[in-house]
1. Within the stretch 100-166, list the chymotrypsin sites (Phe, Trp or Tyr not before Pro) lying in a DSSP loop whose Cβ has at most 16 other Cβ atoms in a 10 Å radius.
2. Percent of accessible area on the chain owned by carbon and sulfur, 1.4 Å probe?
3. How far, in degrees from 0 to 90, does helix 3-16 lean away from the longest principal axis of the Cα atoms of the chain, to the nearest 10?
4. Given labels modelled 7 Å from the Cα in the Cβ direction, how far is it in nm from ASP138 to GLN35?
5. Pop out the ³J(HN,Hα) list for the stretch 119-134 in order, Karplus 6.51 cos²θ - 1.76 cosθ + 1.60 with θ = phi - 60°, rounded to Hz; leave Gly and Pro as x.
6. Select from ARG95, ARG17, ARG75 the residue whose mean-square fluctuation is largest in a Gaussian network model of the chain (Cα-Cα springs shorter than 10 Å).
7. Extension gain SER155-PHE21, at 0.36 nm per residue separation less the Cα-Cα distance, in nm?
8. Could you pull out every residue, at least 5 positions away or on a different chain, whose amide H is within less than 5 Å of the one on THR124? Hs are placed 1.01 Å off N in the peptide plane, and Pro or chain starts have none.
Amino acid sequence: MTPDVLLARACEILRSRPYVFLCTSAGAGVVNARQVQPLRGDDDLDLWVGTSPRSRKVAEVRDTGLATVAVDDPRAFATVTMRCEATVVSDLPERLARWDEELRAFFPAGPEGDDFVLVHLVPTRIELIDFVNAITPDPYGLVPAVIQRVGGNWSLVTPDRYDAGE
């Protein structure tokens, strides 16, 4: 499988699902996950999340600069997991540009209010398993197909495996 094929399938899954899980680290091995509805970016992998600057996810992104996004497609028994560089964006023109009026229920003051910021997620590594489309590397279905961004290009990489004795 080529990186382009894997990237296209990951994008297809992301487009088909309105919600994703956003995972951030609280340190000391604690990971927090929450379901979010991303605001789409300029391409299918460029995700934005609207949230409160006082949220736990914002504090954790500011501490680490990292997040993981996970989404599934149950029809294909498929999952996409993306390791992302994450930044908090409070720039008003960007908030206005990314605003979705459906967010007003959560942020009554809208994008101009002081309780609304964006988290920008840029994937650096994508792991994909998709049984219906035969994206199931050997050993069959036990590891994902993995692509990683190196510079501006995506490359195939060997998935992480750990010896049970370690």
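The values are calculated or read from the model by the stated rules, or taken from the named source; none is laboratory data. Just so it is clear, the model here is predicted, and its values are computed rather than measured. Virtual Cβ from ideal backbone geometry, glycine too; neighbours counted across all protein chains shown. Side chains included, ligands, DNA and RNA excluded: accessible areas come from the protein's heavy atoms. Shrake-Rupley method; radii C 1.70, N 1.55, O 1.52, S 1.80 Å.
1. Values: sites: PHE106, PHE116, PHE131, TYR140, TRP154, TYR162; in loops: PHE106, PHE116, PHE131, TYR140, TYR162.
Of the chymotrypsin sites (Phe, Trp or Tyr not before Pro), the ones in loops of the stretch 100-166 whose Cβ has at most 16 other Cβ atoms within 10 Å are PHE106, PHE131, TYR140, TYR162.
2. Working: 4810 of 9120 Å².
Of the solvent-accessible surface of the chain, carbon and sulfur hold 53 percent.
3. For helix 3-16, the angle is close to 50 degrees.
4. 3.8 nm
5. Using θ = phi - 60°, the values come out as 10, 9, 10, 10, x, 10, 8, 10, 10, 9, 10, 8, 5, 5, 9, 6 Hz.
6. Residue with maximal mean-square fluctuation among ARG95, ARG17, ARG75: ARG75.
7. On the way: separation 134, 0.36 × 134 = 48.24 nm, distance 2.44 nm.
Gain on stretching SER155 to PHE21: 45.8 nm.
8. ARG83, CYS84, GLU85
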